[in-house]
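**Q** First the structure, which I've put down as structure tokens, then a few questions once you've had a look.
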Amino acid sequence: MPNTGRFFVLALDADRDPAGAIVQIRSMALRCEACGEVTRTEGAHIARLEGGTILACTQCGATQAVANARLEECDHAMAVTDPAVATTAVAPRPERGRG
């Protein structure tokens, strides 16, 4: 699981340009480092910046702005391109007891 600092990126689905660079995120699943909550976000609920995306936890409110280029690195590390993965159940973290 790629770590952005405040979040682990569990899954993402993105629109890409012809070169394969992320233009915008369509859906994502994140695990918050602060509280352990898994947040699944899609469509208009994703906050976007020019060239980036704001990752956010719906449980504790933690946020982090991340460049889409960094999310491309996460995507390569996960080797996940199927958007259905973002809706798959995630195993809970042992130390947190939630998922």
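The values are calculated or read from the model by the stated rules, or taken from the named source; none is laboratory data. Model, not experiment: these values are computed from the prediction. Backbone-built Cβ (ideal geometry, glycine too); neighbour counts: all protein chains shown. Note: areas computed on protein heavy atoms with side chains; ligands, DNA, RNA excluded. Shrake-Rupley method; radii C 1.70, N 1.55, O 1.52, S 1.80 Å.
**Q** Starting from the range 37-50, take each residue that is over 13 Å from N68 (Cβ atoms) and list its partners that are open to solvent by 100 Å² or more (accessible area, probe 1.4 Å), counting only C-beta distances under 8 angstrom and pairs at least six apart or across chains.
**A** E37/T58; E37/Q59; T39/T58; T39/Q59; R40/T87; T41/T58; E42/R26; G43/R26
**Q** Can you name every residue in the range 16-60 that is in a loop (DSSP other than H, G, I, E, B), of a type in the set (A, V, I, L, M) and either under 17 Å from G5 (Cβ atoms) or touching a Lys or Arg at 6+ places or on another chain (Cβ under 6 Å) (or both)? Don't jump to the end; show me each part of the working.
**A** Kept after step one, since they are in a loop (DSSP other than H, G, I, E, B), are these residues of the range 16-60: 17-21, 33-37, 46, 50-51, 57-60.
Subsequent filtering for residues that are of a type in the set (A, V, I, L, M) retains 19, 21, 34, 46.
Once the filter is applied, which keeps residues that are in a loop (DSSP other than H, G, I, E, B), of a type in the set (A, V, I, L, M) and either under 17 Å from G5 (Cβ atoms) or touching a Lys or Arg at 6+ places or on another chain (Cβ under 6 Å) (or both), the range 16-60 yields only A34.
**Q** To continue, here is another question. Could you tell me whether the range 30-39 includes any residue that is under 9 Å from the mean Cα position of the chain (by Cα) and not aliphatic (A, V, I, L, M)? It would help to see each step written out before you state the result.
**A** Step one: of the range 30-39, the residues under 9 Å from the mean Cα position of the chain (by Cα) are 30-31, 39.
Checking which are not aliphatic (A, V, I, L, M) leaves us with 31, 39.
For the range 30-39, residues under 9 Å from the mean Cα position of the chain (by Cα) and not aliphatic (A, V, I, L, M): present.
**Q** On to the next question. Looking at the range 22-42, which of its residues are open to solvent by 30 Å² or more (accessible area, probe 1.4 Å) and of a type outside the set (D, E)? Working first, answer last.
**A** Going through the range 22-42, the residues open to solvent by 30 Å² or more (accessible area, probe 1.4 Å) turn out to be 23-24, 26, 33-34, 37, 40, 42.
Selection gives V23, Q24, R26, A34, R40.
**Q** What number of residues within the range 5-15 are part of a loop (DSSP other than H, G, I, E, B) and either surrounded by fewer than 16 Cβ atoms within 10 Å (Cβ to Cβ) or modelled with pLDDT of 95 or more (or both)? Give the steps one after another, and end with the answer.
**A** Taking the range 5-15 as the starting set, the residues that turn out to be part of a loop (DSSP other than H, G, I, E, B) are 5-6.
Adding the requirement that they be either surrounded by fewer than 16 Cβ atoms within 10 Å (Cβ to Cβ) or modelled with pLDDT of 95 or more (or both) leaves 5.
Matching residues across the range 5-15 total 1.
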